[in-house]
Amino acid sequence: MTRTSIALSTRMTETDERAWLDALHAALPQENIRPVRDIPPNHRSGIEIAIVANPDPAELLTLPDLKLIHSLWAGVERLVRDLAGQAVPIARLVDPELARTMAESVLAWTLYLFRDMPAYQRQQARKKWAPIPYRRPQDVRVSVLGLGNLGQAAATRLHASGFQVTGWSRTQKDIPGVTCLAGENELQRTLASTDILVCLLPLTPETHGLLSDTQLRTMPHGASIINFGRGPSLDVVALMKALDDRHLGHAVLDVFDCEPLPADSPLWIHPHVTVLPHVSAPTDMRTATQIVAGNLKAFRANGTMPEIVDIARGY
């Protein structure tokens with residue numbers, strides 16, 4: 001063997017890990033990719049690359065010569081937290097297919113709220129026949145919090161569907177047709193002019209609990225929320241209070257502080273909440289493995305690094 005193995009470290013089920021391992025082998029046939037547990041301890045020195053998905057940090061510590069950790073997921077906050085203090089560069093997955101899938105989900109659930117599907121569901125339960133007056137998309141204000149790759153794709157898709165779209169991010173962005181605001185001072189302005197709020201924020205110390213009671217009460221009466229970012233960005237207790245007193249109309253939640261969502265969570269049975277099992281943008285194994293393969297081929301060839309996580313920012 002002319003090069004060292006690539007280590008794989010995941011906390012997937014055995015079946016899922018085998019499927020990913022097969023796909024990675026197909027994309028990188030020249031590489032010997034092996035789960036860390038299958039690499040004898042005396043063969044782990046010299047391994048420069050680890051491909052990971054929610055890895056056990058203890059496993060990675062047994063690889064003393066790592067130069068690159070490449071995640072199979074786009075979200076890396078857990079990885080950054082678990083590997084705090086280590087100096088190995090971390091690359092997250094940047095996949096256009098993931099952005100397309102997220103934009104598709106954001107549009108689907110925005111339309112669900114825009115066309116008052118929750119109200120029709122409640123009417124059906126009461127056997128009530130009552131058409132709701134139609135609103136044009138041009139009259140509905142949709143705001144996207146977080147304008148990374150996923151947020152930009154979502155905002156562009158919403159704009160193409162005719163909505164008034166505002167995007168908010170930590171730093172200023174420029175998206176054709178979208179009003180882009182940035183920084184803490186512009187957040188209140190964004191929330192105050194929002195009929196449907198889409199949260200696609202990464203989880204960082206700054207975004208943890210960002211959508212608090214104060215921020216939710218800034219939103220107009222009857223506004224709705226879609227959270228496809230990270231659960232801890234949203235104060236769920238404050239959200240339920242705002243829904244109970246009808247300040248807010250409905251919430252579509254795909255991410256939670258604890259996943260799977262515990263069976264005793266009141267969110268399951270709340271009449272103004274739609275619970276999804278973290279399905280808004282599943283990673284596409286086919287495209288993800290091709291992107292990881294391209295990045296690792298470049299790294300092997302000349303040391304070129306893929307997009308590296310800024311540890312200070314957390315993404």
Practice task
Kindly indicate whether any position in region 249-262 is in a helix (DSSP H, G or I) and either touching a Phe, Trp or Tyr at 6+ places or on another chain (Cβ under 9 Å) or surrounded by fewer than 21 Cβ atoms within 10 Å (Cβ to Cβ) (or both).
Solution key: no
Completion exercise
Among (1) open to solvent by 60 Å² or more (accessible area, probe 1.4 Å); (2) among the hydrophobic types (A, V, I, L, M, F, W, C); (3) over 21 Å from G231 (Cα atoms); (4) out of contact with any helix residue (DSSP H, G or I) (no Cβ under 7 Å at 6 or more places or on another chain), I291 falls short only on (1)
Practice task
Would you tally the residues in region 5-57 being in contact (Cβ under 8 Å) with a residue 60 or more places away in the chain and open to solvent by 30 Å² or more (accessible area, probe 1.4 Å)?
Solution key: 2
Problem - Test for L83: is it of a type in the set (A, V, I, L, M, F, W, C), touching a strand residue (DSSP E or B) at 6+ places or on another chain (Cβ under 9 Å) and closer than 18 Å to F299 by Cβ - result: no
Practice task
Evaluate the following for S161: is it open to solvent by 40 Å² or more (accessible area, probe 1.4 Å) and polar (S, T, N, Q)?
Solution key: yes
Exercise for the section: Taking the options L187, L243, L197, name whichever one is part of a strand (DSSP E or B) and either touching a residue at least 12 places away in the same chain (Cβ under 8 Å) or not aliphatic (A, V, I, L, M) (or both). Expected result: L197
Handout entry: Verdict on R81 being within 22 Å of L8 (Cα to Cα) and either in contact with an Asp or Glu (Cβ under 7 Å, 6 or more places away or on another chain) or loosely packed, with under 14 Cβ neighbours inside 10 Å (or both)
Key = yes
Fill in the blank from the handout: Restricting region 263-302 to residues that are among the charged types (D, E, K, R) and in a helix (DSSP H, G or I), the one farthest from Q124 (Cα to Cα) turns out to be R300
Exercise for the section: Could you identify the single residue in L197, L181, L191 that is farther than 21 Å from R136 by Cα, touching a strand residue (DSSP E or B) at 6+ places or on another chain (Cβ under 8 Å) and among the hydrophobic types (A, V, I, L, M, F, W, C)? Expected result: L181
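Across region 68-78, what is the total count of residues that are in contact (Cβ under 8 Å) with a residue 40 or more places away in the chain and open to solvent by 40 Å² or more (accessible area, probe 1.4 Å)?
Within region 68-78, residues that are in contact (Cβ under 8 Å) with a residue 40 or more places away in the chain and open to solvent by 40 Å² or more (accessible area, probe 1.4 Å) number 2.
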Fill in the blank from the handout: Filter region 202-234 for residues that are modelled with pLDDT of 95 or more and open to solvent by 60 Å² or more (accessible area, probe 1.4 Å); the one that is farthest from L113 (Cα to Cα) is H208
Handout entry: Residues that are surrounded by fewer than 12 Cβ atoms within 10 Å (Cβ to Cβ) and either assigned to a loop (DSSP other than H, G, I, E, B) or hydroxyl-bearing (S, T, Y) (or both), drawn from region 106-149
Key = R126, K127, K128, W129, A130, P131, I132, P133, Y134, R136
Problem - Residue check for F228: in contact (Cβ under 8 Å) with a residue 60 or more places away in the chain and among the aromatic types (F, W, Y) - result: yes
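The values are calculated or read from the model by the stated rules, or taken from the named source; none is laboratory data. In this text, all values refer to a predicted model and were calculated from it rather than measured experimentally. Positions of Cβ are generated from backbone atoms using ideal geometry, with glycine treated the same way; all protein chains shown enter the neighbour counts. Calculation scope for accessible area: heavy atoms of the full protein, side chains included, ligands and nucleic acids excluded. Shrake-Rupley method; radii C 1.70, N 1.55, O 1.52, S 1.80 Å.
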